[in-house]
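Input: a single structure, listed below in structure tokens.
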Amino acid sequence: MTLKIAVIGAGPSGIYVAEGVKKKLPDTMVDFIERLPTPFGLVRFGVAPDHQGTKKVINQYEKFFDQEGIRLLGNVEVGKDISVQVLQEHYDAVVIANGAREDKKLGIPGEDLDGVYGSAAFVSWYNSHPDYKDLSPIPEHAKSAIVIGNGNVAIDVARILVKSAEEMADSDLADHTRIAIDNASISDVVIAGRRGPVEASFTPPELRELGKLEHALPVIEGAVIPDELPSHIDTSQPAGRIKGKVLDIFRSFTEMKRDGKDKTIHLQFLASPTAFLGEGKVEAVQFERMELNEDGKPTGTGELFDIPADLVVSAIGYYSQPLEGVPFDEQLGRYPNEEGLIKDNLYVVGWGKRGPSGTIPTNRPCSFKTSQIIMDQVIADPAKQGGAAIDKLLADKGSKVTTFTDWKAIDAVETKTETRQKIASVDEMLAAIEEAI
Ligand code: NAP
């Protein structure tokens, strides 16, 4: 019997869970229910616009969608146009693969001030996500910015803020973002971490990029870099070796010369934000100086200091969005699950399963594990009509469902120019589809 599976979200983790099942049960029919007419989720809206090499994974995803039994039901919002429960009734298995697109909050005074943004919003804005096209986060005369957090997203944000149009020439950065960055001309960016260089979550290739910027110099106080890794870090393990490389890169930054670079990225460690300060709009961030215990855990010293800023982006992690009728852990911001099983025939993969960590390739083995569990647990039920029933339900509601062929029409419009110009409005996407028919 043919398995019928609905995957909520057409990003990497959803594609990989379907790939895992299709590899072993090629007859399986998978419908991807996607809120936007565009597939590929995080690759389109999360990966930085100057990381075009990473985005090439889309070529593999396109081939995946071109095979028999795989459909995209775009422009359909689960929770609004159709419920999870209805999907569970009509498909043998339903997999939530909707990522984590809510910003984790710091919960400190002033977080609502103008000029303070979470990285989910900020990154979505510079990646032309339709929900954020009108955000306009960079004040016109902004000269300084603080990015809170010591992960790769913080690096992405800092880098995009200081790269020139020439450095971004091969990117798919939207015109509106380019104009906002150029109008402001931010020359000082502080990346602030609450712990030290050893505890930072940066990975070597991403950190190294900060040393290769044409107009910005990474500056780190040499004294904060320890001569050796602390004893609790095991350098025989890959994670320990990565830490060693990260420290070497920090050391290399201390030896760099300004060479005419007029912008600076300061790496500020042991600084935990305690308040955003300003009248109506952010003017500074107040930090408490931290110290670390032997295990690298931070504690406050009570010493407060301010760093001025015209813009603040908090890149401290993400939460998934709760869905009606689906158990949700508010504290962790994800769906409680066991290797992806939530309950009955409902599963989860990606950041909703394990939290917001890992690169795109991390999702493949993680989703494959859940594919195997689905195949072990789910038996095809001939009474379930899958896509046929859902198509009828959505048609009766008058939903304008888009297909993978429709996405190709959008893609054709976006790639008419040398570098992709993303369409940042759903209405314009639908118009592009109409025009192609
Ligand atoms: P991340 O790597 O988990 O980093 C989050 C940072 O926020 C950490 O430094 C964390 O500090 C800090 N933080 C959390 N809560 C905080 C608080 N209350 N106050 C101050 N700081 C706080 O997450 P991410 O940067 O969002 O990245 C998510 C995943 O995507 C990561 O696995 C990342 O590697 C991946 N990614 C990869 C790329 C790439 O490969 N090019 C690009 C972007 C993202 P503590 O450690 O002290 O908790």
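What follows draws every value from the coordinates through simple rules; no lab data is involved. Just so it is clear, the model here is predicted, and its values are computed rather than measured. Heads up, the Cβs are rebuilt from the backbone with ideal geometry, glycines too, and the neighbour counts pull from every protein chain shown.
Details
- Whole-Hz ³J(HN,Hα) from phi, Karplus 6.51 cos²θ - 1.76 cosθ + 1.60, for segment 294-304, glycine and proline x: 4, 8, x, 8, x, 9, x, 9, x, 7, 9
- Segment 184-332: relative contact order in percent, alpha carbon pairs under 8 Å with at least 6 residues between: 26 percent
- Couplings 3J(HN,Hα) for segment 155-172, derived from phi with the Karplus relation 6.51 cos²θ - 1.76 cosθ + 1.60 (θ = phi - 60°), are 5, 3, 5, 4, 5, 4, 5, 10, 6, 7, 4, 5, 5, 9, 4, 8, 8, 10 Hz, where x marks Gly and Pro.
- In this structure, Asp134 and Asn183 have a Cβ-Cβ separation that, at R0 = 25 Å, corresponds to a calculated FRET efficiency of about 0.95.
- In this structure, the residue pairs whose Cα-Cα separation is over 23 Å, taken from Lys24/Lys80; Lys23/Lys63; Lys24/Lys369, are Lys24/Lys80.
- The trypsin sites (Lys or Arg not before Pro) of segment 73-138 that meet both conditions, a loop assignment by DSSP and at most 14 other Cβ atoms within 10 Å of the site Cβ, are Lys80, Lys105.
- Placed amide H near Thr402: partners under 5 Å, 5+ positions off or other chain: Gly74, Asn75
- Within the chain, longest stretch free of exposed GluC sites (Glu not before Pro) [DSSP loop, at most 15 other beta carbons within 10 Å]: 340-417
- Using a Förster distance of 30 Å, the FRET efficiency for Asp344-Lys105 (Cβ separation, nearest 0.05): 0.40
- In this rough spin-label picture, where each label sits 7 Å from Cα along the Cβ direction, the Glu418-Arg289 distance is 5.0 nm.
- Computed helical MRE - 222 nm, the chain, DSSP H runs ≥ 4 contributing -39500 (n - 2.57), nearest 500: -9500 deg cm²/dmol
- The fewest-to-most ranking of Met429, Met1 by surrounding Cβ atoms within 10 Å reads Met1, Met429.
- Sites Gln52 and Thr403 - FRET efficiency at Förster radius 30 Å, r taken between beta-carbons, to 0.05: 0.70
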